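K.L.:
Here it is: the structure, laid out below.
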Amino acid sequence: MKTGKVSPDVLRRLIFPYLGRRADVLVHAGVGQDAAVLDFGEWAAVLTCDPITGTQEHLGRLAVHVTCNDLATTGAEPVALLLTLLLHADAGPQTLSTIMRDAGEAAAALGVEIIGGHTEVTPGIDRTIAMVAGVGRVRKEDLITSRGARPGDTVLLTKGVAVEGTAILAADLVSVLRGRVDDAVLAAGRRLIERISVVPEGMIAARYGATAMHDVTEGGILAGAWELAEAAGIGIEIRGDAVPVLPETAAVCRALGADPLALIGSGAMLIATRTPQRTAEALEGNGIPAAEIGVMTAAGRTLRAKSGVRELVPPERDELWRILEETGTLNVVE
């Protein structure tokens, strides 16, 4: 199998048949589901887990935000994290200190506690890997799930595509990009790491009309939009010309020959809503840009672009992995 997350087909054939079933699980594992949900009476417990494998820069910060982002798609308040760090053999105390300082600062900013985990130096890996399990809580009647979208719902996207991918590439491939991309633009790309959290938009959209939310991660907006439709068992139409691409993202992707729609995109939230103006105004009133990029449909998944209409399918792999392999930086230890 290729580097990156496995396909929905592999999940269905080799993972999902062996998970079991309980009546007190409100949201089970499934394609397009960012988090599982357990019934705790008046409250629901929301749980998720995420690895950070594609970068070494800001590893602790990404580990916290990517996990809390998944919790936020349900409208849940992130509460606690379990952080596991597998350090490569050449990692020193300074590496561990940097990761934990970044993780601690990110957790404090979100009001989340890192309540435990595991830390070890692990043979057989060429880079430090972070894995995080997250726990959130939401009143059961306020729970939002990615399966809640319905035909006719408007699809909003916050901020823009490939926020995380731009930040990673601008930081990890600075030597490759220097000379192709203006230094000021690269610096702006690196600063996008500060916009990775979608917890604020998750909390706001849950109160102002969201029927479903999905965190844009590996596979970018193409995978995220397809997964939003798949979770609900319906269709979706995305208007390519309406999808916001930040200037620094456009510059980095142009220099590397990358498709920004297929680049890892933490920092953006897909929101289905029956009241798009109300939802967008609430987001923008809190400083979060939101663009109408499409609509949920009864059937069919399409991407409309200037070149015509094509089927919307998840990319075989995220552009990040292709670029890291082609530039020979996939196995670089920092």
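The values are calculated or read from the model by the stated rules, or taken from the named source; none is laboratory data. Since this is a predicted model, take the numbers as computed values, not measurements. Neighbour counts run over all protein chains shown; Cβ positions are idealised from the backbone, glycine included. Just so you know, the surface numbers come from the protein's heavy atoms only, side chains and all, with ligands and any DNA or RNA stripped out. Shrake-Rupley method; radii C 1.70, N 1.55, O 1.52, S 1.80 Å.
K.L.:
If you filter the range 283-322 for GluC sites (Glu not before Pro), then keep DSSP loop positions with at most 16 other Cβ within 10 Å, what is left? Walk me through the intermediate numbers first.
P.N.:
Numbers: sites: E284, E292, E311, E316, E319; in loops: E316.
When the GluC sites (Glu not before Pro) of the range 283-322 are filtered for loop state and at most 16 Cβ neighbours within 10 Å, E316 remain.
K.L.:
Also, I was wondering about something else. Output wanted: per-residue J couplings in Hz (rounded whole) for the range 136-144, from phi through Karplus 6.51 cos²θ - 1.76 cosθ + 1.60, θ = phi - 60°, x for Gly and Pro.
P.N.:
For the range 136-144, the Karplus-derived couplings read x, 9, 8, 5, 4, 6, 9, 5, 10 Hz, x marking Gly and Pro.
K.L.:
Here's a follow-up. If you build a Gaussian network model of the chain, linking Cα atoms that sit under 10 Å apart, which residue out of D215, D183, D70 swings the most?
P.N.:
In this elastic network of the chain, the residue with the biggest mean-square fluctuation among D215, D183, D70 is D183.
K.L.:
Which one, G30, G92, G294, has the greatest fluctuation when you compute a Gaussian network model over the chain with C-alpha springs under 10 angstrom?
P.N.:
G92
K.L.:
On to the next question. Given labels modelled 7 Å from the Cα in the Cβ direction, how far is it in nm from Q277 to I125?
P.N.:
Spacing of the two 7 Å Cα→Cβ label points: 5.1 nm.
K.L.:
Restricting to Cα pairs below 8 Å that are 6+ residues apart, what does the relative contact order work out to for the chain? Please round to a whole percent.
P.N.:
Relative CO of the chain lands at 22 percent.
K.L.:
Give, to the nearest whole percent, the P(r) tail of the range 193-243 beyond 18 angstrom, counting all Cα pairs.
P.N.:
Taking all Cα-Cα pairs of the range 193-243, the fraction more than 18 Å apart is 43 percent.
K.L.:
Leaving out ligands, DNA and RNA, what percent of the accessible area of the chain is carbon and sulfur, probe 1.4 Å?
P.N.:
Ligands and nucleic acids excluded, carbon and sulfur give 53 percent.
K.L.:
Now for a separate question. Quick check for you: which residues of the range 132-164 have the amide N under 19 Å from the point 7 Å beyond the Cα of A250 toward its beta carbon?
P.N.:
Residues 157-164 fall inside that zone.
K.L.:
Treat each spin label as a single point 7 Å out from the Cα along the C-beta direction, and report the N286 to D90 distance in nm.
P.N.:
Here the modelled spin labels are 4.3 nm apart.
K.L.:
Loop-only check: which trypsin sites (Lys or Arg not before Pro) in the range 151-241 are DSSP coil with at most 14 other Cβ within 10 angstrom?
P.N.:
Qualifying residues, ordered by number: R180.
K.L.:
Taking θ as phi - 60°, what are the ³J(HN,Hα) couplings along the range 102-108 by the Karplus curve (6.51, -1.76, 1.60), each to the nearest whole Hz, with x for Gly and Pro?
P.N.:
Working through the residues one at a time gives 5, 5, x, 5, 5, 5, 5 Hz.
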